[in-house]
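Reviewing the structure listed below.
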Amino acid sequence: MPAAADTGAGTRQRIVSSGLRLFAGKGFRGTTVGEIEEAAGLTPRAGALYKHFPSKEAVLDAAVEENVRELEAVHSAIELMPLGDLRAELTLLARWGLHVLEQQRDLRRIVIAEGDRFPELKRRFRDRIVDRAYGEVQTFIKRKIETRELPDVDADALAVLLTGALLGYAIERDVFDRDPAGVEQERFVTALVDTCMALANLPRKETHDG
């Protein structure tokens, strides 16, 4: 079968996707440029990758930027809220979070396995992806506190709790390739939302003037 054409945005995307998959499976140093080219449907060792990227490191950088764009899409979706239904909003937020975590799976594996070798990659992943994800959830919670849909709780700590639950679920699926304790995704989302709704339904503290 002839090799795919090596021009255009589609080729660039195939290189990033193939490179990320190989880096996660074989390690960054264990992956050659030729292997990335071949996995992307290009003629190996013919220089096709270098028409789009100056190095393997640049392919990895592009993968980080791709994941940042995924988070920007979530931010745009959150900005379209509220739906006027806290349960529906929480359900969407949890599903979006799990979707983004699934998209980040290979990159997350690379950061965990090779972050010490690539401290700049680890820093960028933390600053541009992890911290931004916390910030999105914090903003959502604070808005719901302002509208009194949630009680006056520690929004930062609650964001860590909720984001950590999503991350823990995703990482266990990464490691063991199965649903944690046999709980499939929709059951997990329902339980997480039910927990948040129980918090939302707690009696509010009354404030008195004077």
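Where a number appears in this text, it was derived from the coordinates with a stated rule and is not lab data. Keep in mind it's a predicted model, so treat the numbers as computed, not measured. Positions of Cβ are generated from backbone atoms using ideal geometry, with glycine treated the same way; all protein chains shown enter the neighbour counts.
Once Cα extents along the principal axes in Å is worked out from the coordinates, which option in (1) 66, 39, 31; (2) 50, 49, 28; (3) 78, 36, 34 does it equal? Matching entry in (1) 66, 39, 31; (2) 50, 49, 28; (3) 78, 36, 34: (3). Rounded to the nearest Hz, the phi-derived 3J(HN,Hα) couplings of the stretch 85-91 under the Karplus curve 6.51 cos²θ - 1.76 cosθ + 1.60 (θ = phi - 60°) are 9, 4, 4, 5, 5, 5, 5, where x marks glycine and proline. Every helix of 4 or more DSSP H residues in the chain counts as -39500 (n - 2.57), and over all residues that averages to -21500 deg cm²/dmol at 222 nm. Evaluating 6.51 cos²θ - 1.76 cosθ + 1.60 at θ = phi - 60° for every residue in the stretch 125-132, the Karplus couplings come out as 4, 5, 6, 8, 10, 5, 5, 5 Hz, glycine and proline recorded as x. In order along the stretch 34-43, phi translates into HN-Hα couplings of x, 5, 5, 4, 5, 5, 8, x, 10, 5 Hz, rounded to whole numbers, per the Karplus curve 6.51 cos²θ - 1.76 cosθ + 1.60 with θ = phi - 60° and x for Gly and Pro.
Please return the longest stretch of the chain lacking exposed loop sites, where trypsin sites (Lys or Arg not before Pro) count only if DSSP places them in a loop and at most 14 other Cβ atoms lie within 10 Å. By the stated rule (loop sites, at most 14 other Cβ atoms within 10 Å), 46-116. Look at the alpha carbon pairs under 8 Å that are at least 6 residues apart: their mean separation over the length of the chain gives a relative contact order of 18 percent. In plain terms, the chain from ARG21 to ARG178 could stretch by 54.6 nm, reckoned as 0.36 nm per residue minus the Cα-Cα distance.
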